1. Suppose we take every Cα in the range 254-338 and form the convex hull; what volume per residue is that in Å³?
2. Could you tell me the calculated FRET efficiency between residue 349 and residue 177, based on Cβ-Cβ distance and R0 = 45 angstrom, to the nearest 0.05?
3. So how exposed is residue 42, as accessible area in Å² (1.4 Å probe, rounded to 10)?
4. Based on the mean of other beta carbon atoms within 10 Å per residue, what is the order of 43-51, 106-114, most packed first?
5. With every protein chain present, what accessible area does residue 279 have (1.4 Å probe, heavy atoms only), rounded to the nearest 10 Å²?
6. At what distance in nm do the modelled label points of residue 156 and residue 49 sit from each other, each positioned 7 Å from its Cα along Cα→Cβ?
7. Which sequence of 254, 211, 312 reflects their accessible areas, 1.4 Å probe, from the largest down?
8. When the solvent-accessible surface of protein heavy atoms is calculated with a 1.4 angstrom probe, in what order do 170, 327 fall, highest first?
Amino acid sequence: GEIVHHQKRKVARLFLRLGARKGVVLRAPVVSRCRGGVGMFRGQVNPVTGRQEWVAEERDVESEDGDLSCELARSQYGDMLHDTARNQLYCQAIEKAVSDMKAKGRAAHVLDIGTGTGLLSMMAARAGAARVTAVEVMRPMVRIAREVISANGYSDTIRVVGKRSTDMTENDMEGGRANILVTEVFDTELIGEGALITYSHALQNLMEPDCIVIPDSVTVNVQLVRSEFLWRHHKLIPEALPGSVTVPADWRKCPGAPSLWDLHAEQLQIPQQMNTLSDPTHIAKFKLSDPGLSSDRSVQEVVVPVSQGGTCHGVLMWWTADMSEAELSMSPWDYTQWRDHWLQAVQLLPEPLNVKKGLWLGSREMLQVSITGADWKGQ
(Lines give C-alpha, C1' and ligand atoms only; values in the text may rest on other atoms or scores of the structure.)
Protein backbone atom coordinates (compact mmCIF):
# COMPACT_ATOMS: atom_id res chain seq x y z
CA GLY A 1 0.00 0.00 0.00
CA GLU A 2 0.85 3.69 0.05
CA ILE A 3 2.63 4.92 3.17
CA VAL A 4 2.48 8.57 4.15
CA HIS A 5 4.39 9.98 7.10
CA HIS A 6 3.01 13.05 8.86
CA GLN A 7 4.61 14.75 11.84
CA LYS A 8 3.19 17.65 13.82
CA ARG A 9 3.87 18.65 17.44
CA LYS A 10 5.71 15.43 18.28
CA VAL A 11 2.79 13.42 16.90
CA ALA A 12 3.62 10.98 14.14
CA ARG A 13 1.30 8.40 12.67
CA LEU A 14 1.77 5.80 10.06
CA PHE A 15 -0.97 5.81 7.47
CA LEU A 16 -1.40 2.60 5.56
CA ARG A 17 -3.82 2.60 2.67
CA LEU A 18 -4.70 -0.85 1.47
CA GLY A 19 -5.67 -1.54 -2.11
CA ALA A 20 -9.09 -0.62 -3.46
CA ARG A 21 -10.12 -4.28 -3.41
CA LYS A 22 -9.69 -4.40 0.34
CA GLY A 23 -11.26 -0.98 0.87
CA VAL A 24 -9.84 -0.38 4.35
CA VAL A 25 -7.82 2.62 5.55
CA LEU A 26 -5.70 2.15 8.68
CA ARG A 27 -3.98 4.66 10.89
CA ALA A 28 -1.59 3.25 13.48
CA PRO A 29 0.51 5.39 15.82
CA VAL A 30 4.27 5.40 15.62
CA VAL A 31 4.38 8.23 18.17
CA SER A 32 1.29 9.41 19.99
CA ARG A 33 0.33 11.67 22.89
CA CYS A 34 -3.02 12.23 24.55
CA ARG A 35 -4.38 14.22 27.47
CA GLY A 36 -5.12 12.60 30.82
CA GLY A 37 -3.86 9.49 32.51
CA VAL A 38 -3.07 6.33 30.58
CA GLY A 39 -3.17 2.78 31.89
CA MET A 40 -0.53 0.57 30.30
CA PHE A 41 1.66 -2.47 30.82
CA ARG A 42 5.40 -2.07 31.32
CA GLY A 43 7.64 -5.04 30.62
CA GLN A 44 10.45 -5.81 33.02
CA VAL A 45 12.81 -8.72 33.63
CA ASN A 46 12.81 -10.33 37.06
CA PRO A 47 16.54 -10.52 37.96
CA VAL A 48 15.96 -13.58 40.14
CA THR A 49 14.04 -15.78 37.69
CA GLY A 50 15.13 -14.14 34.45
CA ARG A 51 11.50 -14.12 33.32
CA GLN A 52 9.71 -11.31 31.56
CA GLU A 53 6.96 -9.80 33.70
CA TRP A 54 4.23 -7.28 32.96
CA VAL A 55 3.47 -4.51 35.45
CA ALA A 56 0.30 -2.43 35.14
CA GLU A 57 0.85 1.26 35.79
CA GLU A 58 -0.99 4.56 35.42
CA ARG A 59 0.77 7.42 33.64
CA ASP A 60 0.08 11.12 33.29
CA VAL A 61 1.11 11.66 29.69
CA GLU A 62 1.47 15.39 30.21
CA SER A 63 4.44 14.77 32.49
CA GLU A 64 7.92 14.02 31.21
CA ASP A 65 7.91 10.55 32.78
CA GLY A 66 4.50 9.76 31.31
CA ASP A 67 5.32 10.47 27.67
CA LEU A 68 4.40 7.35 25.67
CA SER A 69 6.31 8.38 22.56
CA CYS A 70 9.15 5.92 23.07
CA GLU A 71 6.87 3.01 23.96
CA LEU A 72 4.60 3.47 20.96
CA ALA A 73 7.52 4.19 18.63
CA ARG A 74 9.00 0.81 19.58
CA SER A 75 5.67 -0.99 19.33
CA GLN A 76 4.90 -3.49 16.61
CA TYR A 77 1.64 -2.06 15.24
CA GLY A 78 3.25 -0.94 11.98
CA ASP A 79 5.06 -4.25 11.55
CA MET A 80 1.82 -6.20 12.08
CA LEU A 81 -0.02 -4.07 9.52
CA HIS A 82 2.66 -4.91 6.97
CA ASP A 83 2.58 -8.65 7.75
CA THR A 84 0.75 -9.67 4.60
CA ALA A 85 0.69 -13.40 5.36
CA ARG A 86 -0.74 -12.85 8.84
CA ASN A 87 -3.40 -10.44 7.66
CA GLN A 88 -4.49 -12.52 4.68
CA LEU A 89 -4.83 -15.70 6.76
CA TYR A 90 -6.81 -13.91 9.47
CA CYS A 91 -9.02 -12.34 6.79
CA GLN A 92 -9.73 -15.69 5.12
CA ALA A 93 -10.50 -17.37 8.45
CA ILE A 94 -12.81 -14.52 9.53
CA GLU A 95 -14.69 -14.53 6.23
CA LYS A 96 -15.20 -18.31 6.46
CA ALA A 97 -16.36 -18.11 10.08
CA VAL A 98 -18.92 -15.39 9.31
CA SER A 99 -20.11 -17.32 6.25
CA ASP A 100 -20.43 -20.56 8.26
CA MET A 101 -22.41 -18.80 10.98
CA LYS A 102 -24.78 -17.32 8.43
CA ALA A 103 -25.21 -20.73 6.79
CA LYS A 104 -26.56 -21.94 10.14
CA GLY A 105 -29.15 -19.17 10.05
CA ARG A 106 -27.45 -17.21 12.83
CA ALA A 107 -26.21 -13.63 12.87
CA ALA A 108 -22.45 -13.37 13.43
CA HIS A 109 -21.41 -11.57 16.61
CA VAL A 110 -17.62 -11.24 16.73
CA LEU A 111 -15.46 -10.57 19.80
CA ASP A 112 -12.01 -9.18 18.88
CA ILE A 113 -9.66 -9.12 21.88
CA GLY A 114 -6.62 -6.85 21.63
CA THR A 115 -8.00 -5.00 18.62
CA GLY A 116 -5.13 -2.49 18.36
CA THR A 117 -5.84 -0.46 15.23
CA GLY A 118 -9.13 -2.30 14.67
CA LEU A 119 -7.96 -4.22 11.60
CA LEU A 120 -9.43 -7.63 12.47
CA SER A 121 -12.70 -6.04 13.62
CA MET A 122 -13.06 -4.24 10.31
CA MET A 123 -12.36 -7.48 8.45
CA ALA A 124 -15.26 -9.04 10.36
CA ALA A 125 -17.58 -6.12 9.71
CA ARG A 126 -16.74 -6.13 6.02
CA ALA A 127 -17.36 -9.90 5.89
CA GLY A 128 -20.92 -9.30 7.07
CA ALA A 129 -20.84 -9.65 10.85
CA ALA A 130 -23.96 -8.17 12.44
CA ARG A 131 -22.10 -6.96 15.53
CA VAL A 132 -18.43 -6.68 16.49
CA THR A 133 -17.14 -6.00 20.00
CA ALA A 134 -13.53 -4.77 19.82
CA VAL A 135 -11.63 -4.85 23.12
CA GLU A 136 -8.44 -2.87 23.74
CA VAL A 137 -6.79 -2.14 27.10
CA MET A 138 -4.37 0.62 26.05
CA ARG A 139 -6.25 3.90 26.07
CA PRO A 140 -4.24 5.71 23.35
CA MET A 141 -4.97 2.76 21.05
CA VAL A 142 -8.66 2.82 22.02
CA ARG A 143 -8.85 6.37 20.67
CA ILE A 144 -6.95 5.45 17.51
CA ALA A 145 -9.13 2.36 16.91
CA ARG A 146 -12.30 4.44 17.18
CA GLU A 147 -10.94 7.01 14.74
CA VAL A 148 -9.87 4.32 12.24
CA ILE A 149 -13.18 2.47 12.48
CA SER A 150 -15.12 5.71 12.05
CA ALA A 151 -13.00 6.76 9.06
CA ASN A 152 -13.86 3.47 7.37
CA GLY A 153 -17.59 3.73 8.07
CA TYR A 154 -17.92 0.80 10.48
CA SER A 155 -18.91 2.65 13.67
CA ASP A 156 -22.49 1.34 13.46
CA THR A 157 -21.26 -2.27 13.47
CA ILE A 158 -18.16 -2.13 15.69
CA ARG A 159 -18.20 -1.05 19.34
CA VAL A 160 -14.78 -0.44 20.95
CA VAL A 161 -14.53 -1.35 24.64
CA GLY A 162 -11.59 0.20 26.49
CA LYS A 163 -10.78 -2.36 29.17
CA ARG A 164 -9.13 -5.71 29.73
CA SER A 165 -11.18 -8.59 28.40
CA THR A 166 -10.55 -10.53 31.62
CA ASP A 167 -12.35 -7.73 33.51
CA MET A 168 -15.42 -8.03 31.27
CA THR A 169 -18.64 -9.86 32.01
CA GLU A 170 -21.60 -10.81 29.86
CA ASN A 171 -23.17 -7.45 30.79
CA ASP A 172 -20.40 -5.72 28.80
CA MET A 173 -21.50 -7.56 25.65
CA GLU A 174 -24.27 -5.58 23.99
CA GLY A 175 -26.74 -8.04 22.51
CA GLY A 176 -25.40 -10.97 24.55
CA ARG A 177 -22.52 -13.36 24.12
CA ALA A 178 -20.52 -13.55 20.88
CA ASN A 179 -20.32 -16.62 18.65
CA ILE A 180 -16.99 -15.89 16.89
CA LEU A 181 -13.82 -15.19 18.87
CA VAL A 182 -10.99 -13.50 16.99
CA THR A 183 -7.85 -12.54 18.84
CA GLU A 184 -4.14 -12.16 18.34
CA VAL A 185 -2.49 -12.00 21.76
CA PHE A 186 0.57 -14.11 20.92
CA ASP A 187 4.23 -13.24 21.27
CA THR A 188 7.31 -15.07 20.03
CA GLU A 189 7.11 -17.49 22.97
CA LEU A 190 3.37 -17.88 22.23
CA ILE A 191 1.81 -17.39 25.67
CA GLY A 192 3.83 -14.47 27.07
CA GLU A 193 1.00 -11.97 26.49
CA GLY A 194 -1.48 -13.91 28.61
CA ALA A 195 -3.01 -15.90 25.78
CA LEU A 196 -4.11 -18.92 27.84
CA ILE A 197 -6.15 -17.14 30.48
CA THR A 198 -7.42 -14.61 27.92
CA TYR A 199 -8.94 -17.37 25.80
CA SER A 200 -10.19 -19.33 28.80
CA HIS A 201 -11.92 -16.33 30.39
CA ALA A 202 -13.54 -15.29 27.11
CA LEU A 203 -14.87 -18.78 26.41
CA GLN A 204 -16.32 -19.13 29.90
CA ASN A 205 -17.79 -15.64 30.27
CA LEU A 206 -18.21 -13.90 26.91
CA MET A 207 -18.77 -16.56 24.25
CA GLU A 208 -21.56 -18.97 23.30
CA PRO A 209 -20.74 -22.66 23.95
CA ASP A 210 -20.53 -23.61 20.25
CA CYS A 211 -18.54 -20.57 19.13
CA ILE A 212 -15.91 -20.48 16.40
CA VAL A 213 -12.40 -19.59 17.61
CA ILE A 214 -9.73 -18.00 15.38
CA PRO A 215 -7.15 -19.44 15.52
CA ASP A 216 -8.56 -22.72 16.82
CA SER A 217 -5.27 -24.21 18.00
CA VAL A 218 -1.54 -23.48 18.15
CA THR A 219 1.42 -25.87 18.18
CA VAL A 220 4.89 -25.38 19.66
CA ASN A 221 7.80 -26.88 17.73
CA VAL A 222 11.44 -27.37 18.73
CA GLN A 223 14.67 -28.38 17.05
CA LEU A 224 18.09 -29.15 18.55
CA VAL A 225 20.83 -26.88 17.19
CA ARG A 226 24.58 -26.55 17.19
CA SER A 227 25.79 -22.96 17.05
CA GLU A 228 29.13 -21.72 18.33
CA PHE A 229 28.06 -18.34 16.97
CA LEU A 230 25.11 -18.11 19.37
CA TRP A 231 27.08 -19.70 22.20
CA ARG A 232 29.63 -16.88 22.09
CA HIS A 233 26.78 -14.46 22.79
CA HIS A 234 25.74 -16.57 25.77
CA LYS A 235 28.94 -17.43 27.65
CA LEU A 236 32.38 -15.90 28.11
CA ILE A 237 34.98 -17.69 26.01
CA PRO A 238 38.35 -17.10 27.76
CA GLU A 239 40.34 -18.29 24.75
CA ALA A 240 38.81 -15.50 22.67
CA LEU A 241 39.92 -12.72 25.03
CA PRO A 242 43.09 -10.79 24.19
CA GLY A 243 46.45 -11.18 25.92
CA SER A 244 46.49 -10.84 29.69
CA VAL A 245 42.72 -10.60 30.22
CA THR A 246 41.60 -13.25 32.67
CA VAL A 247 38.12 -14.43 33.62
CA PRO A 248 37.27 -15.36 37.24
CA ALA A 249 36.50 -19.04 37.66
CA ASP A 250 33.00 -18.42 39.01
CA TRP A 251 32.20 -16.34 35.92
CA ARG A 252 32.99 -19.31 33.75
CA LYS A 253 30.47 -21.39 35.71
CA CYS A 254 27.66 -18.88 35.17
CA PRO A 255 24.86 -20.75 33.34
CA GLY A 256 23.81 -17.63 31.44
CA ALA A 257 20.36 -16.12 31.18
CA PRO A 258 17.56 -18.63 31.89
CA SER A 259 15.17 -16.84 29.52
CA LEU A 260 14.59 -17.53 25.86
CA TRP A 261 16.47 -15.45 23.30
CA ASP A 262 14.26 -14.07 20.51
CA LEU A 263 16.05 -13.89 17.18
CA HIS A 264 15.70 -14.11 13.40
CA ALA A 265 16.91 -17.67 12.98
CA GLU A 266 16.22 -17.53 9.26
CA GLN A 267 18.95 -14.91 8.93
CA LEU A 268 21.68 -17.20 10.30
CA GLN A 269 23.96 -18.83 7.77
CA ILE A 270 23.54 -22.60 7.57
CA PRO A 271 25.73 -24.45 8.52
CA GLN A 272 28.39 -21.80 9.26
CA GLN A 273 26.47 -20.06 12.07
CA MET A 274 23.92 -22.73 13.00
CA ASN A 275 23.35 -26.38 12.21
CA THR A 276 20.39 -28.58 13.14
CA LEU A 277 20.84 -31.82 15.07
CA SER A 278 17.21 -33.01 14.93
CA ASP A 279 14.13 -32.75 12.79
CA PRO A 280 11.40 -30.27 13.86
CA THR A 281 9.37 -31.89 16.65
CA HIS A 282 5.91 -30.94 17.95
CA ILE A 283 6.15 -30.70 21.73
CA ALA A 284 2.83 -29.08 22.69
CA LYS A 285 -0.54 -28.26 21.18
CA PHE A 286 -2.95 -25.79 22.77
CA LYS A 287 -6.62 -26.20 21.85
CA LEU A 288 -7.67 -22.56 22.17
CA SER A 289 -11.36 -23.44 21.97
CA ASP A 290 -11.08 -25.39 25.25
CA PRO A 291 -12.53 -23.29 28.13
CA GLY A 292 -10.32 -25.09 30.65
CA LEU A 293 -7.12 -24.28 28.80
CA SER A 294 -5.45 -22.10 31.46
CA SER A 295 -6.04 -24.58 34.31
CA ASP A 296 -3.75 -27.25 32.83
CA ARG A 297 -0.71 -27.48 35.13
CA SER A 298 0.59 -30.78 33.81
CA VAL A 299 4.20 -31.42 32.86
CA GLN A 300 4.69 -33.12 29.53
CA GLU A 301 7.82 -35.13 28.80
CA VAL A 302 8.57 -35.04 25.09
CA VAL A 303 11.31 -36.99 23.35
CA VAL A 304 13.28 -35.36 20.54
CA PRO A 305 15.24 -37.84 18.38
CA VAL A 306 18.80 -36.81 17.55
CA SER A 307 19.21 -37.06 13.77
CA GLN A 308 22.80 -35.83 13.54
CA GLY A 309 25.64 -36.12 16.02
CA GLY A 310 27.53 -33.12 17.30
CA THR A 311 27.61 -30.50 20.04
CA CYS A 312 24.14 -29.32 21.06
CA HIS A 313 24.21 -25.70 22.25
CA GLY A 314 20.49 -25.07 22.53
CA VAL A 315 16.88 -25.71 21.55
CA LEU A 316 15.28 -23.61 18.82
CA MET A 317 11.51 -23.06 19.12
CA TRP A 318 8.67 -21.53 17.13
CA TRP A 319 4.92 -21.95 16.85
CA THR A 320 2.29 -22.52 14.19
CA ALA A 321 -1.40 -21.58 14.30
CA ASP A 322 -4.35 -23.40 12.73
CA MET A 323 -6.17 -20.73 10.71
CA SER A 324 -9.16 -22.81 9.60
CA GLU A 325 -8.04 -24.00 6.16
CA ALA A 326 -4.41 -22.86 6.34
CA GLU A 327 -1.49 -22.63 8.75
CA LEU A 328 0.27 -19.52 10.02
CA SER A 329 3.86 -20.61 10.65
CA MET A 330 6.78 -18.92 12.38
CA SER A 331 9.17 -21.62 11.20
CA PRO A 332 12.54 -20.28 10.00
CA TRP A 333 12.40 -22.92 7.26
CA ASP A 334 9.08 -21.59 5.90
CA TYR A 335 10.30 -18.02 5.63
CA THR A 336 8.03 -16.05 3.28
CA GLN A 337 8.40 -12.45 4.39
CA TRP A 338 10.16 -10.25 6.92
CA ARG A 339 8.36 -9.80 10.22
CA ASP A 340 9.73 -8.43 13.47
CA HIS A 341 6.77 -8.81 15.83
CA TRP A 342 7.02 -12.61 15.78
CA LEU A 343 10.42 -14.29 15.65
CA GLN A 344 11.88 -17.60 16.65
CA ALA A 345 13.49 -18.17 20.06
CA VAL A 346 16.39 -20.26 21.30
CA GLN A 347 16.96 -21.67 24.78
CA LEU A 348 20.69 -22.03 25.17
CA LEU A 349 21.78 -24.82 27.51
CA PRO A 350 23.79 -24.28 30.73
CA GLU A 351 26.57 -26.32 29.15
CA PRO A 352 27.01 -27.83 25.67
CA LEU A 353 25.93 -31.45 25.24
CA ASN A 354 27.75 -33.90 23.01
CA VAL A 355 25.06 -35.95 21.30
CA LYS A 356 25.17 -38.86 18.93
CA LYS A 357 22.65 -39.86 16.31
CA GLY A 358 19.94 -41.82 18.09
CA LEU A 359 21.64 -41.31 21.46
CA TRP A 360 21.94 -38.69 24.19
CA LEU A 361 25.32 -38.55 25.96
CA GLY A 362 25.80 -42.15 24.81
CA SER A 363 23.32 -43.51 27.36
CA ARG A 364 19.82 -42.58 26.24
CA GLU A 365 18.03 -42.81 22.94
CA MET A 366 16.26 -39.46 23.17
CA LEU A 367 16.76 -35.98 24.55
CA GLN A 368 13.93 -35.03 26.91
CA VAL A 369 12.23 -31.65 26.86
CA SER A 370 9.86 -30.70 29.68
CA ILE A 371 6.92 -28.35 29.29
CA THR A 372 4.99 -26.93 32.21
CA GLY A 373 1.58 -25.27 31.79
CA ALA A 374 1.68 -21.65 33.03
CA ASP A 375 -1.07 -19.29 34.12
CA TRP A 376 -0.33 -15.82 32.71
CA LYS A 377 -2.28 -12.64 33.27
CA GLY A 378 -4.70 -11.96 30.42
CA GLN A 379 -5.06 -9.04 28.06
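The values are calculated or read from the model by the stated rules, or taken from the named source; none is laboratory data. In this text, all values refer to a predicted model and were calculated from it rather than measured experimentally. FYI the Cβ positions are ideal-geometry reconstructions off the backbone, even for glycines, and counts take in every protein chain you see. Calculation scope for accessible area: heavy atoms of the full protein, side chains included, ligands and nucleic acids excluded. Shrake-Rupley method; radii C 1.70, N 1.55, O 1.52, S 1.80 Å.
1. Hull volume normalised by residue count: 163 Å³.
2. The calculated FRET efficiency here is 0.45.
3. Roll a 1.4 Å probe over it and residue 42 shows about 90 Å².
4. Per-residue mean Cβ counts within 10 Å order the peptides as 106-114, 43-51.
5. 100
6. 4.9
7. Accessible-area ranking of 254, 211, 312, largest first: 254, 211, 312.
8. Largest accessible area first, the residues go 327, 170.
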